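**Student:** Below is one structure. I have some questions about it.
The values are calculated or read from the model by the stated rules, or taken from the named source; none is laboratory data. What you are looking at is a predicted structure, and each value in this text was computed from that prediction instead of being measured. Cβ: placed from backbone, ideal geometry, glycine included. Neighbour counts: every protein chain shown.
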Amino acid sequence: MPRSKSLRGLGAKYGGTVRKRYTNVHRLLKAKKECPSCASLKLKRVSSGIWSCRSCGFTIAGGAYDVSQTRKG
């Protein structure tokens with residue numbers, strides 16, 4: 001089975017559950033986000049919890065890995 005590219009750096013370490021969590025967080029972090037100001041898909045994470053639009057310059061505080069701070073489980 002081919003490995004996912006988002007697991008680069010973990011190798012066979014840490015067990016399956018941790019690698020699956022890492023994959024979910026990595027995909028969530030790298031997904032395209034919509035700017036609430038100009039509706040373009042240029043919202044990027046500047047640092048943990050700080051998001052900035054590269055199109056209009058709008059800056060917003062949000063969650064560490066996603067703009068919304070909703071918690072699951």
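**Student:** Looking at 3, 21, 45, can you tell me which residue is touching a Lys or Arg at 6+ places or on another chain (Cβ under 9 Å) and either more than 12 Å from residue 65 (Cα to Cα) or modelled with pLDDT of 90 or more (or both)?
**Tutor:** Sole residue among the options that is touching a Lys or Arg at 6+ places or on another chain (Cβ under 9 Å) and either more than 12 Å from residue 65 (Cα to Cα) or modelled with pLDDT of 90 or more (or both): 45.
For (1) in a helix (DSSP H, G or I); (2) exposed (fewer than 13 other Cβ atoms within 10 Å of the Cβ), each residue gets a yes or a no:
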position: 10; (1), (2): no, no
position: 13; (1), (2): no, yes
position: 23; (1), (2): yes, no
position: 40; (1), (2): no, no
position: 66; (1), (2): no, no
